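Since the structure comes first, as structure tokens, the remarks are kept for the end.
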Amino acid sequence: MRVGSAESGVNVLALEGEHDIYTAAKLRDKLVALIDAGPSLIVDLSETTFVDSSILGALLNARQQAIEAETGFAVCVSPAAEPAVRRIFEMTGLIETLPVLETLELASAAASAGPPANENNSDP
Amino acid sequence: MKTTVTHEADSGAVLSLTLPAQPVNVAVVRQAMTGLAESLEIDARILADINMAVTEACTNVILHAYSGREENGSVEVEVRPARRRVLVVVRDAGHGFLPRPMQRDTSWRLGLPLIAALADGVEVTGGPDGTGTEVRMTFDLP
């Protein structure tokens, strides 16, 4: 888990390898701290090889926190990422909800544009 | 950790794992599943579905099966391949499958719907001796 910064001043939290219930608590804490700290946040999952519903839950909580804090938030999964990682977002219909973008540039633009849209029916 | 691997021609179990129901062990189950899939020549896409479904089933055991108890019990994973499909069973000795209110702070309850979407067949039943829960997932092979 490493934190960097995109050109536009948006924080980027990049994850690698497999993530499940074993790493979810640490990720949740990191997400809470980063959104608390202020700048908009991108979570880049392009180098991950596996994510499960615990990680989706952590991302949904972060999205909710970002909406409440009026901070930008977006997830990045590149088309070259492990197909199973992209698939879990497609299956759960979270691509648009979170939102999930294909490049850091697109994710950065989405996060810079403000908090995720707070749809009334955004529950998965 | 108890691991038994045998090779049988019929639909007997070729993998039977019993592990403490702890978060660190879900990756162990995926590793065992991945190794087995190679020897059974299961397609990478189907293996990815099996690994995701088995992860969700094991996570349910860790989060819910032993809640309210001081120590988590164990999770059992069994794999029974047949000619055109593979059966994966995840079993616990917990307090059974109980209706619960939503726990939105940590869980979005995505696990079972994901299993239902990934597997070609799913059965959730009480364990064979009347305690615990058994999730039986089948995956069709091409």
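The values are calculated or read from the model by the stated rules, or taken from the named source; none is laboratory data. Treat the numbers as computed from the prediction; the structure is a model and nothing was measured. No Cβ is skipped: glycine too gets one built from the backbone with ideal geometry, and neighbour counts run over all protein chains shown.
For the stretch A:101-124, indicate whether the set of residues that are of a type in the set (D, E, K, R) and at positive phi is non-empty. No, there is no match, as no residue in the stretch A:101-124 is of a type in the set (D, E, K, R) and at positive phi.
Considering (1) more than 14 Å from every other protein chain (Cβ to nearest Cβ); (2) closer than 23 Å to residue B:49 by Cα; (3) of a type in the set (A, V, I, L, M, F, W, C), the lone condition that residue A:81 does not fulfil carries the number (1).
Counting the residues of the stretch B:14-28 that are small (Gly, Ala, Ser) and within 8 Å of chain A (Cβ to nearest Cβ) gives 1. Scanning the stretch B:26-51 for residues that are of a type in the set (A, V, I, L, M) and either out of contact with any helix residue (DSSP H, G or I) (no Cβ under 7 Å at 6 or more places or on another chain) or buried (at least 24 other Cβ atoms within 10 Å of the Cβ) (or both) returns B:26, B:28, B:32, B:36, B:40, B:42, B:44, B:46. Consider the stretch B:86-116 and keep the residues that are aliphatic (A, V, I, L, M) and exposed (fewer than 15 other Cβ atoms within 10 Å of the Cβ). The one that is modelled with the lowest pLDDT is B:102. Scanning the stretch A:19-33 for residues that are closer than 18 Å to residue A:98 by Cα and of a type in the set (Val, Ile, Thr) turns up just one, A:32. Evaluating residue B:30 against the criteria (1) at pLDDT 95 or above; (2) assigned to a loop (DSSP other than H, G, I, E, B) leaves one unmet condition, (2). Looking across the stretch A:58-72, the residues that are under 13 Å from residue A:24 (Cβ atoms) and surrounded by 23 or more Cβ atoms within 10 Å (Cβ to Cβ) come down to A:58, A:59, A:62.
On inspection, residue A:85 passes the criterion of being of a type in the set (Val, Ile, Thr) and modelled with pLDDT of 95 or more.
Residues of the stretch A:13-54 that are β-branched (Val, Ile, Thr), in contact with a helix residue (DSSP H, G or I) (Cβ under 7 Å, 6 or more places away or on another chain), within 10 Å of chain B (Cβ to nearest Cβ) and part of a helix (DSSP H, G or I): A:21 alone. Here is the figure for the stretch A:73-124: residues that are surrounded by 17 or more Cβ atoms within 10 Å (Cβ to Cβ), over 11 Å from the mean Cα position of the chain (by Cα), assigned to a loop (DSSP other than H, G, I, E, B) and β-branched (Val, Ile, Thr) total 1. Looking at (1) β-branched (Val, Ile, Thr); (2) at pLDDT below 95; (3) surrounded by fewer than 22 Cβ atoms within 10 Å (Cβ to Cβ), which is the one condition that is false for residue A:32? Of (1) β-branched (Val, Ile, Thr); (2) at pLDDT below 95; (3) surrounded by fewer than 22 Cβ atoms within 10 Å (Cβ to Cβ), only one is false for residue A:32: (2).
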